[in-house]
Amino acid sequence: MIRRYFSNVNECFVRRHSRKSGMSRFLHTGRFVLYIVAVLSISIHHTSNAQTLTKADPANFASDPSVFAWNIESTADAGITDLSSTLAKPAGQHGFVRRDGEHFTTDAGPIKFWATNICFSGSFPSYEGAEAVAEKLARFGVSCVRLHHMDMRDIWGKSSNKRTLDPEQLEKLDYLIAQLRKEGIYVNINLHVSRTLGAEEGFPIETSTTGEKFEIPDFDKGLDQFEPRMIEAQKEYARGLLTHVNPYTGNAYTDEPAVAFVEINNENALSCQWGWGQLDNLPQPYQREFQSQWNAWLVKKYGTTATLRQAWNCQNIPLGDELLQNTDFSDSWQKCWSVERDQVSQTKLETGDFGPDGRHAMRISIEKMGAVSWNPQMHYPNLSVNTKQPYTFTFAVRSDRERTLTVNCRQNVDPWGDLGLQRTIQIGPEWKRFSFTFEVSAAESNARVGFSGFDVGVYEFADMSFRTGGEIGITKNETLEARNIPTLQKSSMNLPKPARDDWIDFLRETESNYWSGMYRFLKDDLHVKSLVTGTQMRWGVASDQSQMDFVDAHDYWNHPVFPGRPWDGKNWYTSDEPLVNHPEGSIARLSASRVLGHPYTISEFNEPQPITWAPEGFVLISAYGAFQNWDAIYSFAWKHDNHFDTGRLSSFFDIESDASRVVHFPACVNAFVRG
């Protein structure tokens with residue numbers, strides 16, 4: 001399936017760029033460079049006009065030059081920078097946007113969208129705010145608005161929980177959509193983005209009596225694709241929102257042609273969330289439900305425990321002799337253990353009685369990483385392993401803070417191949433003991449076990465052990481009859497390959513059923529006439545998303561990084577690299593996410609502030625999007641709240657007051673939408 005997907009992507013790319021002289025000749029002859037220059041030249045011309053117009057108010061310009069974008073559009077004669085006349089008003093007058101092969105069309109013919117996002121309370125502005133933002137977006141040629149993050153808090157307003165829509169908030173949303181429609185701007189309604197269901201919504205969590213640490217993924221991601229009550233809550237929300245009649249248009253949103261698109265679930269896929277380890281420590285009742293569905297799937301496939309054990313090649317072999325020396329890092333431990341470093345990395349190694357219960361242990365303090373990403377790393381080399389028996393690697397580890405670490409068994413010679421053990425574990429300030437039993441994938445006379453994926457910080461190791469034998473598969477007390485076969489954790493998959501394959505098949509089938517079920521609910525039960533997509537590529541799998549009406553993707557260049565707490569406004573950094581110098585970056589990732597024969601949209605893209613090169617982003621994405629014939633590009637975001645016209649940069653992403661980026665919109669629309 002995956003091979004077929006990438007083959008289709010490659011075929012699509014080759015087919016698109018093999019016309020005339022081919023893509024490489026196109027690039028090398030400089031025509032594409034001239035195209036970029038032409039777009040930039042138009043933008044520079046607009047910038048020059050903008051600066052001339054703002055000289056009438058030099059004090060305002062001096063206080064914040066970013067506000068000059070509004071001075072352009074607020075003049076009586078905005079000239080060629082006013083693209084509002086290019087939009088067919090009202091939006092939807094030519095019928096619903098529909099799919100025509102691999103592109104969009106209406107009764108008036110093919111249609112593309114230069115679009116943007118409005119987030120959180122931005123979808124619920126005052127009447128004056130709705131009128132103003134709709135008019136301004138139209139002047140800049142924006143033809144679709146994605147209503148994003150409505151479900152986190154704002155649409156619920158004064159309601160006591162997140163299952164009852166607030167009529168006052170809904171009325172504000174209705175007025176905004178009506179104003180957008182009036183100005184020729186379509187909308188993209190997002191369903192599940194960031195609502196988290198808790199006790200108030202009927203989803204209490206059972207507390208642990210053992211002190212076990214539970215984790216629920218952010219915004220219920222992954223969880224909401226197998227938990228039946230959560231799926232019903234999503235349908236409930238979709239029904240309440242989409243069948244609601246907008247009093248300003250007289251249409252329910254299921255019958256509103258100005259609603260071009262509906263998105264089921266933003267950046268969310270069961271297999272993806274599990275692959276990140278975010279479903280490893282679910283609380284009850286969610287873990288119980290997950291296990292119940294897994295066991296039902298196994299019963300359907302195997303019927304009995306005996307059949308399952310045979311298919312999975314389950315084994316229980318007593319542990320053999322210890323294969324490691326210096327398991328407690330005693331004297332001369334470095335003759336056995338190797339800490340690989342280079343001239344760039346800076347580390348300090350020490351041993352002492354600081355292990356569990358005062359036992360001997362080893363400490364690695366990393367002050368600087370190496371010249372390559374895999375340095376430093378730690379391993380025990382010169383081991384001989386074979387495929388005739390399982391092996392068990394056991395150890396204790398802790399670190400100065402919560403972080404991940406990779407455990408592996410691999411060749412100690414080129415090509416350094418994986419030999420059957422490659423696990424990512426979660427560690428922290430408390431000692432944790434891990435034990436991994438695995439089957440060796442190939443015999444190797446020079447193998448090694450150890451650790452990689454280090455970062456700057458302190459790591460401590462103790463109680464190392466590597467032996468033949470161990471328990472592979474399920475224990476004698478785990479049976480299909482008792483329905484107690486445990487779910488697989490990403491951080492600890494001590495099962496043979498047939499079991500792991502079954503687990504992946506279970507995840508994929510469960511996720512696929514979710515997407516098809518939600519799609520059919522929207523189309524068959526609610527009779528939604530708008531085009532529907534599931535989630536974004538690189539989250540959802542192509543085989544699922546290609547069953548939707550169109551395929552969507554997200555990408556950012558120089559997205560801010562938060563090394564500590566997520567979205568900590570006091571602890572972040574961003575790179576300052578121009579996208580134009582990195583064709584392997586956003587452009588390549590987005591190009592490779594496309595699926596052959598399907599309409600393709602980019603519903604989030606930006607080069608967030610504060611970086612030197614932010615103005616290049618929309619120019620480049622519009623040029624490449626036109627060149628590759630994409631169908632919609634959305635900037636992220638126009639605004640994250642309903643305080644429009646602030647005249648200042650208010651976040652990494654908001655562009656409404658950022659003239660350095662918005663000033664290029666007319667050129668981008670001309671290039672991407674109008675050709």
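Data for the structure
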{"read-out": "Any helices (runs of 4 or more DSSP H) falling wholly within the stretch 570-675 and containing at least 1 residues that are among the basic types (Lys, Arg)", "value": "586-592, 659-662"}
{"read-out": "Hits in the stretch 161-209 (condition: open to solvent by 40 Å² or more (accessible area, probe 1.4 Å), at pLDDT 95 or above and among the hydroxyl-bearing types (Ser, Thr, Tyr))", "value": "164, 196"}
{"read-out": "Of the criteria (1) modelled with pLDDT of 95 or more; (2) assigned to a loop (DSSP other than H, G, I, E, B); (3) open to solvent by 20 Å² or more (accessible area, probe 1.4 Å), which one residue 229 fails", "value": "(2)"}
{"read-out": "Any chance residue 268 is more than 22 Å from residue 165 (Cα to Cα) and modelled with pLDDT of 95 or more", "value": "yes"}
{"read-out": "Among the candidates 520, 508, 500, 483, residue that is touching a Leu at 6+ places or on another chain (Cβ under 8 Å) and of a type in the set (D, E, K, R)", "value": "500"}
{"read-out": "Members of the stretch 532-556 that are in contact with a Phe, Trp or Tyr (Cβ under 9 Å, 6 or more places away or on another chain), open to solvent by 10 Å² or more (accessible area, probe 1.4 Å) and not in a helix (DSSP H, G or I)", "value": "541, 546, 547, 549, 556"}
{"read-out": "Candidates 448, 467, 433, 483 - the one that is in contact with a His (Cβ under 9 Å, 6 or more places away or on another chain) and either open to solvent by 10 Å² or more (accessible area, probe 1.4 Å) or not in a strand (DSSP E or B) (or both)", "value": "448"}
{"read-out": "Subset of the stretch 111-120 [open to solvent by 20 Å² or more (accessible area, probe 1.4 Å) and under 13 Å from residue 88 (Cα atoms)]", "value": "111, 112"}
{"read-out": "Answer from 652, 672, 605 - the residue that is buried (at least 24 other Cβ atoms within 10 Å of the Cβ) and closer than 25 Å to residue 552 by Cα", "value": "672"}
{"read-out": "Pairs, first under 12 Å from residue 621 (Cα atoms) in the stretch 577-604, second among the β-branched types (Val, Ile, Thr), C-beta under 7 Å, six or more apart", "value": "590/602; 602/633"}
{"read-out": "The stretch 233-269, subset aliphatic (A, V, I, L, M) and assigned to a strand (DSSP E or B), residue nearest to residue 113 (Cα to Cα)", "value": "260"}
{"read-out": "Elements of type strands (runs of 3 or more DSSP E) contained in the stretch 78-196, each with 3 or more residues being hydrophobic (A, V, I, L, M, F, W, C)", "value": "113-119, 144-148, 186-192"}
{"read-out": "Leading residue by the ranking (farthest from residue 177 (Cα to Cα)) among those in the stretch 121-135 that are open to solvent by less than 30 Å² (accessible area, probe 1.4 Å) and out of contact with any strand residue (DSSP E or B) (no Cβ under 7 Å at 6 or more places or on another chain)", "value": "121"}
{"read-out": "Qualifying residues in the stretch 232-248 (those that are open to solvent by 30 Å² or more (accessible area, probe 1.4 Å) and among the hydroxyl-bearing types (Ser, Thr, Tyr)) - the one nearest to residue 197 (Cα to Cα)", "value": "243"}
{"read-out": "Strands (runs of 3 or more DSSP E) enclosed by the stretch 290-356 - at least 1 residues per element that are open to solvent by 70 Å² or more (accessible area, probe 1.4 Å)", "value": "315-317, 346-352"}
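The values are calculated or read from the model by the stated rules, or taken from the named source; none is laboratory data. What you see is a predicted model, and the numbers here were worked out from it, not measured in a lab. Cβ coordinates were reconstructed from backbone atoms using ideal geometry, including for glycine residues, and neighbour counts include every protein chain displayed. The accessibility values were calculated without ligands, DNA or RNA, using every heavy atom of the protein model including side chains. Shrake-Rupley method; radii C 1.70, N 1.55, O 1.52, S 1.80 Å.
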